[in-house]
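The values are calculated or read from the model by the stated rules, or taken from the named source; none is laboratory data. The structure presented is a predicted model; accordingly, all values stated were derived computationally and were not measured. Don't worry about glycine lacking a Cβ; one is built from the backbone with ideal geometry, like all the others, and counts go over all protein chains shown. Heads up: the accessible areas ignore ligands, DNA and RNA and are worked out on the full protein's heavy atoms, side chains in. Shrake-Rupley method; radii C 1.70, N 1.55, O 1.52, S 1.80 Å.
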Amino acid sequence: MTPTATKKHEARDLPPHDLATALAAPVAMIADLGWAAGFIDGEGCISAVWQRYKDPARRTCIRIKLQVAQNDYSSLRRLQNILGVQSEIVQLKRTQAQNRPVYSLNFDTRHAIGALLKVAPFLHRKKMEAETCFQLWVEGMMGVRFGPKPIPDEIWAIREKYLLKLQRLK
């Protein structure tokens, strides 16, 4: 199902994320994005998760996440700067098995999509996961606000389908 424009809601199509478009960028940016994609391929986790609320009036939703865990804070900071998308670096709780502190760089929903769009042409291992997130975003109308009306059941079915697909790609 392809999202269609309605009176209140417009489909949120994604910009091109192919290699030809990416290679039109300056060489230094291409090198940085290639490094970022390799880092995400090796250390990253692309997922979709259920967001449940204690308040029964709020309906459960699905969030797209991109997380990169690493014990080298400066590498995560470099990745954050290259991608230039809103994100946060948090220190994870230390366990006895760890000799150094571990940090996680976290991108959430539209910011995760923004980061993935930048590195998608250069991804290898996580390319299918990124493409599934793009399909979830467009076909599941993730960027559309439905206002006080509940999300239509057919949209929920699409979102659940892609959430399960992402889980199976792990």
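A compact table of results
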| read-out | value |
| --- | --- |
| Cβ-defined net charge surrounding residue 162, 12 Å radius [Lys, Arg +1; Asp, Glu -1] | 0 |
| Solvent-accessible area per residue, Å², over the chain with all protein chains present [probe radius 1.4 Å] | 60 Å² |
| Cα-centred dipole magnitude for the chain, charges only on beta-carbon of K, R (+1) and D, E (-1), debye, nearest 20 | 640 debye |
| Relative compactness, segment 38-95, computed as alpha-carbon Rg over 2.2 N^0.38 Å | 1.41 |
| Loop-resident sites, segment 79-136, for trypsin sites (Lys or Arg not before Pro), counting at most 16 other Cβ within 10 Å (DSSP) | 93, 94, 125 |
| Inter-probe distance in nm under a simple model that places probes 7 Å from Cα toward Cβ, at residue 125 and residue 30 | 2.5 nm |
| Within the chain, helix-based [θ] at 222 nm, where runs of 4 or more DSSP H residues each add -39,500 (n - 2.57), nearest 500 | -13000 deg cm²/dmol |
| For mean projected area of the Cα convex hull in nm², calculated from these coordinates, the label among [x] 10.9; [y] 18.2; [z] 11.9 | [z] |
| Loop-resident sites, segment 37-123, for chymotrypsin sites (Phe, Trp or Tyr not before Pro), counting at most 12 other Cβ within 10 Å (DSSP) | 53 |
| Cross-link pairs 93/149; 54/118; 54/149; 118/161; 126/161; 93/161 - those with Cα-Cα distance over 30 Å | 93/149; 54/118; 93/161 |
| Of 31, 99, 148, farthest towards positive along the dipole that unit charges on Lys, Arg, Asp, Glu beta carbons give the chain | 148 |
| Computed magnitude of the charge dipole of segment 85-170 (debye, nearest 20; Cβ of K, R +1, Cβ of D, E -1) | 380 debye |
| Distance in nm between pseudo-label sites at residue 93 and residue 154 (7 Å out along the Cβ direction from Cα) | 4.4 nm |
| Gaussian network model of the chain, springs between alpha carbon atoms under 10 Å - residue of 87, 75, 104 with greatest fluctuation | 75 |
| Among 112, 37, 28: highest mean-square fluctuation, GNM of the chain, C-alpha pairs under 10 Å | 28 |
